[in-house]
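Values quoted throughout were computed directly from the atomic coordinates according to the rules given, and no laboratory measurement underlies them. Predicted model only: the values in this text are computed from it and were never measured. In this analysis, Cβ positions are derived from the backbone assuming ideal geometry, glycine residues included, and neighbour counts consider all displayed protein chains.
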Amino acid sequence: MSHSNDNQTSKVWYLAQLKPNSHRIAEVNLSRQGFESFCPMAMETKRQRGKFIKAEKPLFPVIFSFSMTLSKAPGRRSIRRVVSRVL
């Protein structure tokens with residue numbers, strides 16, 4: 001039994017190192033190219049101009065995960081490098 005076709009069409013998740021402050025750009029660009037992505041976010045309260053505001057920030061600022069088939073690779077506009085394949 002051969003699984004060569006399964007390997008080319010099944011999704012594989014990867015971790016990518018992003019350029020600083022580019023998680024939104026990466027998400028938009030990967031989505032535009034047809035990739036599924038995941039960037040866990042956390043709420044942060046900070047003081048700005050004397051007021052407390054809540055802002056959503058990436059839980060891991062320079063790490064981003066995305067899935068792709070082995071036959072298609074993402075553009076590199078906001079991704080510094082692909083770090084690892086997630087098992």
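For the listed peptides 43-54, 28-39, a ranking on the average number of other beta carbons within 10 Å per residue, highest first, reads 28-39, 43-54.
Here's the list of lysines a cross-link from residue 11 could span, going by alpha-carbon distance under 21 Å and ignoring same-chain residues fewer than 8 apart: 72.
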